[in-house]
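Computed from the coordinates by the stated procedures, all read-outs in this text should not be read as laboratory data. Note that the structure is a prediction, hence the values are computed from the model and not measured. Quick reminder, even Gly has a Cβ in these numbers, built from the backbone with ideal geometry, and neighbours come from all protein chains shown.
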Amino acid sequence: MAKIECIRCGNEREQASDVLYGGKLGDTIRSSVCYVCWAEWQDTEVKIINEYRLDLSDPNHRSFMTQKMKEFLGLLKAG
Ligand SMILES: [Zn+2]
């Protein structure tokens, strides 16, 4: 597993695996986010789904979730 400098915590750690996002976003996550922060996001994701009662088969809910993920991981700064 490659080491990366994490955009969120600033530590040099192994990159996130088990990233289910594809395309450019998936590539960005894998190359910018460490496995620790990714695990934290996965915990947070579950809480957000429960809090907002999201249905991830709904595209609007999925894009809401993607936005939350970018905020959480600090990917908005990266553009
Ligand atoms: Zn990190």
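Excluding Ile49 itself, what net charge comes from residues whose Cβ is under 14 Å from its Cβ, given Lys and Arg +1 and Asp and Glu -1?
In short, -1.
Charges were assigned to the Cβ only: +1 to each Lys and Arg, -1 to each Asp and Glu. The resulting dipole of segment 3-78 about its Cα centre is roughly 200 debye.
In segment 3-78, one over the average inverse separation of all distinct C-alpha pairs is 12.6 Å, which is the Kirkwood hydrodynamic radius.
Summing +1 for each Lys or Arg and -1 for each Asp or Glu among the other residues whose beta-carbon sits under 13 angstrom from that of Asp18 gives -1.
Using the Cβ-Cβ distance between Ser31 and His61 with R0 = 22 Å, the FRET efficiency computed as 1/(1 + (r/R0)^6) comes to roughly 0.25.
Dipole of segment 3-78 (Lys/Arg Cβ +1, Asp/Glu Cβ -1, origin at the Cα centre): which of Leu76, Cys9, Tyr52 lies farthest to the positive side? Projecting each Cα onto the dipole axis, the largest value belongs to Leu76. Couplings 3J(HN,Hα) of segment 53-66, computed from phi: 6, 7, 10, 6, 7, 8, x, 5, 5, 5, 6, 4, 5, 4 Hz, in residue order, whole Hz [Karplus 6.51 cos²θ - 1.76 cosθ + 1.60, θ = phi - 60°; x for Gly and Pro].
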